[in-house]
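Participant: Quick one: the structure is below, questions incoming.
What follows draws every value from the coordinates through simple rules; no lab data is involved. In this text the structure is predicted, and so the values were computed from the model without any measurement. In this analysis, Cβ positions are derived from the backbone assuming ideal geometry, glycine residues included, and neighbour counts consider all displayed protein chains.
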Amino acid sequence: MNSEIILKYQELANQYQSLLASKKRQLILISFARFFSFIGIIPAYYYLHLINDILALSVSFLLLASFLFLIKKFIQAEKQLAFYQRLVEINQNEIRAINRDFIPFDPGNEFADTHHDYSCDLDLYGNGSLFQYLNRTVTSRGKNYLASLLNNSKRTINEIENKQVAIQELAENFSWRQHFMAIGKETEEKKDQNQIDGSINTIISLKHVGITKYLPLIFPLLILVFISLHISEIVTWQIFLIAFFTQWIIYLIYAKTITKFHKQFESKAKILSRYAKMLRQIETIHVKSSHLIALKEKLSFKGKTASSITSELQKILNEFDYRQNFIVALVLNLIFLWDIRCIFRLFRWQQTYATNLPVWFEVIAEIDALSSFANLNYNQPEWATPKVSAASFLFKSEDLGHPLIDEARCIRNSFGIEEQEQIVIITGANMAGKSTFLRTVGINIVLASNGCKVCALSFEFSPFRVYTNMRTSDNLLNAESYFYAELLRLQAMLNLLRDGESLFVIVDEMLKGTNSVDKLNGSKELIHQLISLKTHGIVATHDLGLTELAEKYPDSIQNQCFEVQLNRDELIFDYKLSKGVTRTMNATFLMKKMGIIPSEDEIN
């Protein structure tokens, strides 16, 4: 199945590469045409006015209009070129991802939190993490939203099932998702999103609003009148020049305000333009799921759609950006008072619509995050869609595997815990697969609780909150030892349970920081606590004494293990989970094999 998906991505990459080459040729032609139309303006007037003034002016204005039109066409063609480049990159990156190369994707290092319920233990963030494997977000808001979803493992049945339908619907809208990503990759967000929101919502004072409104209308009209009067030889060309200079003086009066507006919007114009396009893209999708319908319904204000409102902002900002080209700015401001016209329109737009943007941005963020889950669903069609149970507790899986392990190397196991079986104690030798299995269970629960497919043949669970204790580190700054840090985490877990929180706990080798006798006694007491608090979970351990609890609590505890086979002085790991207690330990064997301690032959 992977080969078929890779082939589709490769075909799309080739298709967009061909369109890219065609667009480059078009850009070259437009560049030449734009150049010749501009340099022809003055010579055309100079030579043709000897024949006829009206002809000279007509041709000059025609060349000017052509020049402005070709500027617009060039900008459009450049954007289309960049769009195709991004689509090529998107498809090539998906091929890399399917081949287990996640370097192109953000690992979300900033979200790592040692105090979180499970994120560090389950490798949610960082290089080679679930976040990097999953993340296809194209906005900082979307990335933050995706992290917030992954950080929450407990939702209602209705929430999970609604998300499942919405994510799968997005997964099936393959072309729509790719175009949404390509639009979102148009610019990079280098500034904090709160700063962007603050800039848009902060309305700049514009003095003499009524006068400002009419200036860009009156003066261009006066220029045309003076031109007509000059052609009719009613006024001299000096009067014509006075009108130009008057217009330029008005521009200078507003220069400070123009600069203030430009400073506020210059670093946000492209981002806001991109958001406008993303909103328009969301409005084009035809959806049936209730969750996506509810999101789309937010994209309107007083009978106008978010796309029509934001496209107005996009147009204003694009036109305001013309000032960055000196020649274009000079021509437009001399004739049309272009920048004054733009700042008035920005001022009016802010007053009317600015407060709606955060709501619309939140919709973009959620769609962006859900698209990442949808992309995973599409890339893994053989994975299972979890069934959500109304039972007080249920976890049942068949052929469960770790999403981050390559399919060729992934060993799958069937595993389940039902309501009456509270704790599963897993034993096994070093490197037998205990810790990987714990992470396999945890990471698939996180995916399932977010409405995503999971790496399994079948998967059924009831909603619950995951809490892990697998990796603990000391904190020298706070004078916390390794053992004390682990006690604090276990204390936090028990406090949640005593407060009535329903947890699914995953513990890997508890109380690692103390001696073996104390460790065994403390571990037994902790499991007593978990059973008395009606907790469900998995405990992995090397301490076989802990497995004796199954005899005391036969209805609440079951033993399972990962066995290791010794064959001709070699260890064979099958990584298959089976019932019972392990019979093999391999620490001494491995130390002798690696020469850390002498073998029996060396001693003799």
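Participant: For helix 157-172, what angle does its Cα long axis make with the longest principal axis of the chain, in degrees from 0 to 90 and rounded to 10?
Facilitator: 60
Participant: Okay, next question. So, R0 is 35 Å and r is the distance between the beta-carbons of Q565 and E418; what FRET efficiency does that work out to, to 0.05?
Facilitator: The calculated FRET efficiency here is 0.70.
Participant: From the square roots a ≥ b ≥ c of the eigenvalues of the alpha-carbon gyration tensor of the range 1-99, which class results: rounded (a/c under 1.5), prolate (a/b over b/c), or oblate?
Facilitator: Details: a/c = 6.28, a/b = 5.55, b/c = 1.13.
Because a/c hits 1.5 or more and a/b exceeds b/c, the range 1-99 counts as prolate.
Participant: If you don't mind, another one. Pop the C-beta distance of R348 and N109 into the FRET formula with R0 = 35 Å and round what comes out to the nearest 0.05.
Facilitator: That gives a FRET efficiency of 0.25.
Participant: Let me ask another. Please report, in whole Å, how far the alpha carbons of the chain spread along each principal axis, starting with the longest.
Facilitator: 117, 50, 49
Participant: Multiply the residue gap between I327 and I39 by 0.36 nm, knock off their C-alpha separation, and tell me the result in nm, one decimal place.
Facilitator: 102.5 nm
Participant: Angle check, please: helix 326-336 long axis (alpha carbons) against the longest principal axis of the chain (alpha carbons), in degrees 0 to 90, nearest 10.
Facilitator: Rounded to the nearest ten degrees, it is 60.
Participant: If you don't mind, another one. Using R₀ = 45 Å, calculate the FRET efficiency as 1/(1 + (r/R₀)^6) where r is the Cβ-Cβ separation of N99 and L544; round to 0.05.
Facilitator: Values: r = 41 Å, r/R0 = 0.92.
In this case the efficiency is close to 0.65.
Participant: Name the shape class, rounded, prolate or oblate, that the alpha-carbon gyration tensor gives for the range 52-177, where a ≥ b ≥ c are the square roots of its eigenvalues, rounded holds for a/c under 1.5, and otherwise prolate holds if a/b is larger than b/c and oblate otherwise.
Facilitator: Numbers: a/c = 3.22, a/b = 2.79, b/c = 1.15.
Prolate.
Participant: Angle check, please: helix 434-449 long axis (alpha carbons) against the longest principal axis of the chain (alpha carbons), in degrees 0 to 90, nearest 10.
Facilitator: 40
Participant: Something else about it: Could you work out how far apart the two model spin labels at I75 and H49 are, taking each label as a point 7 Å from the Cα in the direction of the beta carbon, and quote it in nm?
Facilitator: Label at I75, label at H49, 3.0 nm between them.
Participant: In whole Å, what is the distance between the alpha-carbon centres of the range 76-133 and the range 489-555?
Facilitator: 36
Participant: Still on this structure: What is the gain in length, in nm to one decimal, between I6 and Y484 on full extension, counting 0.36 nm per residue of separation less the C-alpha to C-alpha distance?
Facilitator: Length difference between fully extended and current span is 167.2 nm.
Participant: Please give every one of the aspartates and glutamates within straight-line cross-link reach of K72, meaning a C-alpha to C-alpha distance under 19 Å, and leave out same-chain neighbours fewer than 8 residues apart.
Facilitator: Filter leaves E186, E312, E319, D321, D339.
Participant: While we're looking at this one, here's another question. Roughly speaking, what is the stretch gain from T284 to R583, that is 0.36 nm per residue apart minus the C-alpha to C-alpha distance, in nm to one decimal?
Facilitator: Difference between extended and current length: 101.5 nm.
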